[in-house]
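Values quoted throughout were computed directly from the atomic coordinates according to the rules given, and no laboratory measurement underlies them. Keep in mind that what you see is a predicted model, and the values were worked out from it rather than measured. Methodologically, a virtual Cβ is constructed for each residue, glycine included, from the backbone with ideal geometry; neighbour enumeration extends over all protein chains shown.
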Amino acid sequence: MASTTSAGDSASDSAFEARIAAGETIEPKDWMPERYRQQLVRMMSQHAHSEIVGMLPEGNWITRAPTLRRKMCLLAKVQDEAGHGLYIYCATETLGIDRSQLIDQLLSGKAKYSSIFNYPTLTWADIGVIGWFVDGAAIVNQTVLAKASYGPYARAMVRICKEENFHKRQGFEIVATLAAGTPAQHTMVQDAVNRWWWPTLMMFGPSDANSPNSAELLRWRVKRFSNDELRQRFVDLTVAQAQAVKLTLPDPKLRYNAETKHWEHGEIDWAEFKQVISGNGPCNRERLAARQAAHDKGAWVRAAAAAYAEKQRRTSAAPAA
Ligand code: FAQ
């Protein structure tokens with residue numbers, strides 16, 4: 001478990017900052033400032049919650065996948081997301097917080113999860129676009145987090161990114177198939193692109209000028225690039241992919257700047273983002289209600305585990321006959 005001491009221990013603080021500056025990896029038993037620990041618990045638990053809540057919009061389509069192959073891919077993808085959530089919960093527990101506390105924070109609304117999972121999946125094309133955009137954005141963000149200063153988080157990201165690559169490919173394949181299909185299929189996938197583009201850009205978080213956590217996280221090398229830098233990287237990668245499948249990104253201001261060699265995009269609707277992260281997005285209530293119902297249904301498992309642990313404790317405490 002992580003060890004911290006109260007603020008003001010400047011020798012420990014300086015030694016910690018020197019380790020970060022030298023690019024060292026911080027491990028659970030190493031000393032760390034309490035604030036570093038808290039920031040990691042916040043960010044990692046929100047990430048874990050996102051993976052788990054993120055199963056809901058896609059899980060909704062498993063029974064309606066159009067072919068057996070598509071169903072198998074989607075099933076595997078959704079199961080992978082569960083695994084990602086579990087790795088990241090385990091990594092967060094190394095910081096001295098229990099998973100049940102983290103789940104309570106999610107269910108009480110204290111902890112956030114990614115804004116993107118509060119939008120509905122209206123058609124099969126949404127499943128393709130989620131793989132392409134949402135997993136594509138997650139890869140851009142998480143490839144960098146694989147170099148984060150906290151070892152357990154960074155290591156979890158390595159495997160997760162490998163799986164996210166499969167997720168993105170299966171999504172892009174669905175999109176490319178629909179885009180080259182009948183006019184009705186092309187219209188359906190263009191509609192999904194129109195609805196998911198802006199919410200995907202919001203996944204990267206508020207603009208740098210309005211990102212209260214970034215300075216600290218960048219200084220401690222948890223984040224290696226800012227929210228806007230990663231968002232830009234995603235836009236630059238995705239424009240060419242959209243062109244390849246003849247789909248239009250819904251931004252009339254999108255234009256290539258030959259000097260900066262970047263695609264400039266229009267203004268993000270930050271009012272919508274604020275609404276979604278404050279619990280008022282299209283599906284926030286539905287998502288939390290689904291998580292709460294799953295949690296309630298699992299109560300017997302937790303009770304059985306607690307009873308078994310109690311039995312083990314009694315058995316090991318009893319004197320040998
Ligand atoms: N949604 O100061 P910053 C995936 C909050 S995984 C909701 O910039 P920070 C895989 C932020 O928490 C997707 N809230 O914060 C998959 C903070 O509030 P707080 C999840 C957001 O931490 C695919 C406040 O705004 N990935 O997709 C969002 O420096 C398909 C101020 O923001 C991760 O979690 C948002 N989009 O930067 C699964 C990656 N953005 O806590 C299933 C790890 C910001 O102070 C299906 N996380 N907020 O109350 C990160 O990289 C960072 O935490 C950011 C936010 C970039 C998300």
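Please list the equivalent ellipsoid semi-axes of the chain, computed as the square roots of five times the alpha-carbon gyration tensor eigenvalues, in descending order and whole angstrom.
Sorted largest first and rounded, they come to 36, 27, 17 Å.
With springs only between Cα atoms under 10 Å, which of H265, H47, H84 fluctuates most in a Gaussian network model of the chain?
H265
Rounded to a whole number of µm²/s, how large is the Stokes-Einstein D of the range 174-321 at 20 °C and 1.002 mPa s, given Rh as the Kirkwood radius over C-alpha pairs?
Result for D is 108 µm²/s.
Using modelled amide H (1.01 Å from N, peptide plane; none on Pro or chain starts), what sits under 5 Å from the amide H of Y150, excluding residues fewer than 5 places away?
When sequence neighbours closer than 5 places are left aside, the close amide H contacts are I26.
In sequence order, what are the phi-derived ³J(HN,Hα) couplings for the range 287-304 according to the Karplus relation 6.51 cos²θ - 1.76 cosθ + 1.60 with θ = phi - 60°, rounded to whole Hz, with x for glycine and proline?
For the range 287-304, the Karplus curve yields 5, 5, 5, 5, 5, 4, 5, 5, 5, 5, 5, x, 4, 5, 5, 5, 5, 5 Hz.
With the contact rule set at Cα under 8 Å and sequence spacing of 6 or more, what percent relative contact order holds for the range 1-154?
31 percent
Can you work out the base-10 log of I(q)/I(0) for the range 94-168 at q = 0.15, 0.21, 0.22 1/Å, using the Debye formula on its C-alpha atoms alone?
-0.71, -1.07, -1.09
Sort W220, W132 so that the residue with the fewest other Cβ atoms within 10 Å of its own Cβ comes first and the one with the most comes last.
So the residues, fewest neighbours to most, are W220, W132.
Counting other beta carbons within 10 Å of each Cβ, put T177, T92, T143, T187 in order, fewest first.
T187, T177, T143, T92
Hey, what number do you get for the chain at 222 nm if only DSSP H runs of n ≥ 4 count, each worth -39500 (n - 2.57), divided across all residues, to the nearest 500?
Mean residue ellipticity at 222 nm (helix-derived): -20500 deg cm²/dmol.
Give me W31, W197 sorted ascending by neighbouring Cβ count inside 10 Å, so fewest comes first.
W31, W197
Got a sec to turn the phi values of the range 14-19 into Karplus ³J(HN,Hα) couplings, 6.51 cos²θ - 1.76 cosθ + 1.60 with θ = phi - 60°, whole Hz, x for Gly and Pro?
5, 5, 5, 4, 5, 5
Taking the range 223-321, which trypsin sites (Lys or Arg not before Pro) meet the DSSP loop condition and have no more than 13 other C-beta atoms within 10 Å?
Hits after loop and neighbour filter: K246, K253, K261.
Cα centroid distance between the range 215-282 and the range 87-162, in Å?
What the calculation gives is 18 Å, centre to centre.
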